[in-house]
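Each remark here refers to the structure printed beneath this line.
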Amino acid sequence: MITELGHFCLILAFAVALFQTVVPLVGAWRRWPGWMAAAEPAALVQAVLVGASFAALTWAFVTSDFSLRLVWANSHSAKPMLYKITGVWGNHEGSMLLWILIVALFGGAAALFGTNLPPSLRARVLGVQGMIGAAFLAFLLFTSNPFLRLAVPPFDGQDLNPLLQDPGLAFHPPFLYLGYVGLSMSFSFAIAALLEGRVDAAWGRWVRPWTLAAWVFLTIGIALGSWWAYYELGWGGFWFWDPVENASFMPWLVAAALLHSAIVVEKRESLKSWTILLAIIAFGFSLIGAFITRSGIITSVHAFATDPERGVFLLAITAAFMGGGLTLFAARSEIMASKGVFGLISRESALVFNNILLGVAAFVVFVGTIWPLVSEMTFDRKLSVGAPFFNMAFTPFMVALGVILPLGAMLPWKRAKLGRIARKLAPAAVLALAVGALVWAMEEGRSALGPVGLMLGTWLVAGSVVDLWSRTGNSGFARLGRLPRADWGRVVAHAGLGVTMAGIAGMLAWQSEDIRVVQIGDTVELSGYEITLEAVNQVQGPNYVSTMADVRLSKDGREIGTMHPEKRVYPVAGMPTTEAALDNGFLRDIYIALGDPQQGGGWAMRSYVKPLANWIWGGALLMALGGALSLSDRRYRVAAGAAKQARVQQGVPAE
């Protein structure tokens, strides 16, 4: 009964989404207040209905209702409760329902917290958001119904993909979707502004919090996915440049550019057309990501479906929203004329350069991701574009971005004197050069990657500190606590980028590895550490059988601890997984992965020492924290922006 209720709620939500699309947009066009006002209750009702449907599906997984085909295919009665719940979105149909739920929740949030928006703009934003919800509800109901029953319910299920039975991946999809789908709000604001015929400073202020929230969630989601790949897949890396990884990274880059360009729209009423275009492209990349993972055009651990019919439907949705958005953008180009004038040396110019670097970097990733498909379809040649291409083509743009960020953040608006800012940043530059020189002198291989990476990271972190200190004026520490949280957020996010860059450079430049067959009692010496295989035992897990090793880790004769790398086999799914053992440290990780038993005796074992590994994810968390701090600033809220606009309209000067 609960399952049927969930299905019925989906059908009602589709009807409400159509109503939310048509009535508010017609009302805004004809200036009918009653029709425009219908947008808010419709958005809230749609959120409640989709939420009820998602709760019904979750209940089916929690209670192991194997009469539901989706539960049978992705769960098992012996599975821990955490993975029963995460099984809801560990498949195509459930993940699409989560996608639609987030679309509806963002629409409901806009209805609740967007009350200070102009009525016609609010109606159009919610109307476009309803259109997105209706499109994906149609996709779910007509091609991917999650509530299909089995005629003869089986005794037990087929279990969830063992690779997905991990805490990191349990929370990775919800955060990733909150970012992916959150960019639909930026798209809705862009289309609403084009329909409204007004792109101004107020619009820039309204769109920024939604974009920032999506970017924060996307940052956390990408970091969780990278962390999971690092310790779960057993290969020792943190980023594979897999097409699906790239599909989440491209919206992140474009959203970062959108955040910075929206600042220029708000402060100087410039870059209007570019900002609108970025909002359309950012959500477009999210749609492309959905198509890549669900169309069957690639094979990946991240891919959900291989049904061409679903792929065509998603391609049609992508073409409709991207094509429609870009067509409207071209038709309404006259409303996006810039008003602000700025010099070559100014914060505006720095933000333009920032946007160029992020935009080109996203384009490089897009070309590398899509080119194998284009090559196979056009030239009938199978090509592989891997890490060497991405590292060589992508890295220079990130290096250039890191160099200009501290300078750009401190430049004043309109026009600036570069020498004055350079003098303030001189201590940060000296410190960065000193760190680079010191690392170059200390390392053995004389590779430039490590010194340059740490020098760039130091420059970003120290530059952020100088930026923050410069805003205290002559008050020093007394004023630090009174600085706006947006200022704190900016410097924390920029510093986080520096920490991540340093971590990536250190790990790639200085990691050491040892891959060999070891017998019980053998010791491997690696970068000053002694790694001894003491025993290998069979361990019974809740729904798997584990071959677990006891590995003693010591240094200079002092025991550090015992590590337990595993090889698990999930009998129901018939699939093995590798569970790497990690000894985490501030400056390094010790990483051990157990391989298969060998015919001549012994076990294959991979051992790594990975310098600065945790800085990669620590920096990502700092970036997300910086975004959250900025989001908590009063000036980022829609109400605050509207109040400020109201004061100006009443003749009261703004702060």
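Nothing in this text is a laboratory measurement; each read-out follows from the coordinates by a stated rule. Here the structure is a predicted model, which means the values were calculated and not measured. For neighbour counting, all protein chains shown are included, and Cβ atoms are generated from backbone atoms with ideal geometry for every residue, glycine included.
How would you classify region 1-165 from its alpha-carbon gyration tensor, with a ≥ b ≥ c the square roots of the eigenvalues: rounded for a/c under 1.5, else prolate if a/b is greater than b/c, otherwise oblate?
Since a/c reaches 1.5 and a/b is larger than b/c, the shape of region 1-165 is classed as prolate.
Determine which lysines satisfy two conditions relative to Lys339: a Cα distance under 28 Å, and not lying fewer than 8 residues away in the same chain.
Partners within reach: Lys267, Lys272, Lys414, Lys417, Lys644.
With a Förster radius of 56 Å, plug the Cβ-Cβ distance of Met575 and Thr472 into 1/(1 + (r/R0)^6) and report the FRET value to the nearest 0.05.
So the FRET efficiency works out to roughly 0.50.
Report the normalised scattering of the chain as log10 I(q)/I(0) at q = 0.12 Å⁻¹, calculated by the Debye formula with identical scatterers on the alpha carbons.
Normalising to I(0) and taking log10 leaves -1.36.
Quick one: net charge around Thr562, please, counting Lys, Arg +1 and Asp, Glu -1 for every other residue with C-beta under 12 Å from its C-beta.
For residues surrounding Thr562, the net value is -3.
Given H placed on each backbone N at 1.01 Å, which residues far from Gly595 in sequence or on other chains put an amide H within less than 5 Å of it?
Ala604, Met605, Arg606
Which residues' amide hydrogens lie under 5 Å from the amide hydrogen of Asp589, considering only partners 5 or more residues apart or on another chain, with H built in the peptide plane?
Lys610, Leu612, Ala613
In percent, what relative contact order does the chain have, based on Cα pairs under 8 Å that are 6 or more apart in sequence?
Computed over the chain, the figure is 12 percent.
Given a Förster radius of 25 Å and the C-beta distance between Ser554 and Glu444 as r, what FRET efficiency does 1/(1 + (r/R0)^6) yield to the nearest 0.05?
Once the sixth-power term is evaluated, E becomes 0.60.
Under the Kirkwood approximation for Rh and a Cα-based Rg, what ratio Rg/Rh is obtained for region 170-407?
With Rh from the inverse mean 1/r over Cα pairs, Rg/Rh is 0.98.
Hey, rough spin-label estimate for Val430 and Val312, points 7 angstrom out along Cα→Cβ, what's it come to in nanometres?
It works out to 6.9 nm between the two label points.
What is the distance in Å between the Cα centroid of region 146-174 and that of region 433-507?
Each part's Cα centre sits 43 Å from the other's.
Which is farthest toward the positive dipole end of region 1-165 among Trp29, His7, Phe106, measuring Cα position about the Cα centre, with Cβ charges +1 (Lys, Arg) and -1 (Asp, Glu)?
Result: Trp29.
Once both labels are modelled 7 Å past Cα along the beta-carbon direction, what's the Asp156-Thr378 spacing in nm?
So the label points at Asp156 and Thr378 sit 5.1 nm apart.
By how many nm would the segment from Asn537 to Val465 lengthen if fully extended, with 0.36 nm per residue of separation less the alpha-carbon distance?
Extra length from Asn537 to Val465 when fully extended: 20.8 nm.
Could you tell me the center-to-center distance, by alpha carbons, between region 518-539 and region 568-604 in angstrom?
12 Å
Among rounded, prolate and oblate, which fits region 313-370 when a ≥ b ≥ c are the square roots of the eigenvalues of its C-alpha gyration tensor, a/c under 1.5 means rounded, and a/b larger than b/c means prolate?
The shape class here is oblate.
What net charge do the residues around Ala535 carry, taking every other residue with its C-beta under 11 Å from that of Ala535, with Lys and Arg at +1 and Asp and Glu at -1?
-1
Take Trp32, project a point 7 Å from its Cα along the Cβ direction, then tell me which residues of region 113-139 have their backbone nitrogen under 16 Å from it.
Label zone hits: 120, 123-124, 127.
Using only helices, what value at 222 nm comes out for the chain when you add -39,500 (n - 2.57) per DSSP H run of length 4 or more and divide by the total residues, to the nearest 500 deg cm²/dmol?
The per-residue figure over the chain is -22000 deg cm²/dmol.
Return the lysines within reach of Lys610: Cα separation strictly under 26 angstrom, same-chain partners fewer than 8 residues apart disregarded; answer none if there are no such residues.
List returned: Lys555, Lys567.
What is the projected area of the convex hull of the Cα atoms of region 301-432, averaged over all directions, in nm²?
Average of the hull's projected areas for region 301-432 equals 13.0 nm².
Can you figure out the FRET efficiency of Ala400 with Ala138, using R₀ = 25 Å and their beta-carbon distance, to the nearest 0.05?
Step by step, r from the Cβ atoms, then E = 0.05.
Go through 121-129, 552-560 and give me the packing order, highest mean Cβ count within 10 Å leading.
In descending order of packing, they fall as 121-129, 552-560.
With charges only on Cβ, +1 for K and R and -1 for D and E, what is the dipole size of region 1-165 about its Cα centre, in debye, rounded to 20?
It comes to approximately 500 debye.
Please name which of Trp510, Thr500, Thr547 has its Cα lying farthest along the dipole of region 486-556 towards the positive end, using unit charges on Cβ (Lys, Arg +1; Asp, Glu -1) and the Cα centre as origin.
Positive-end residue among those listed: Thr500.
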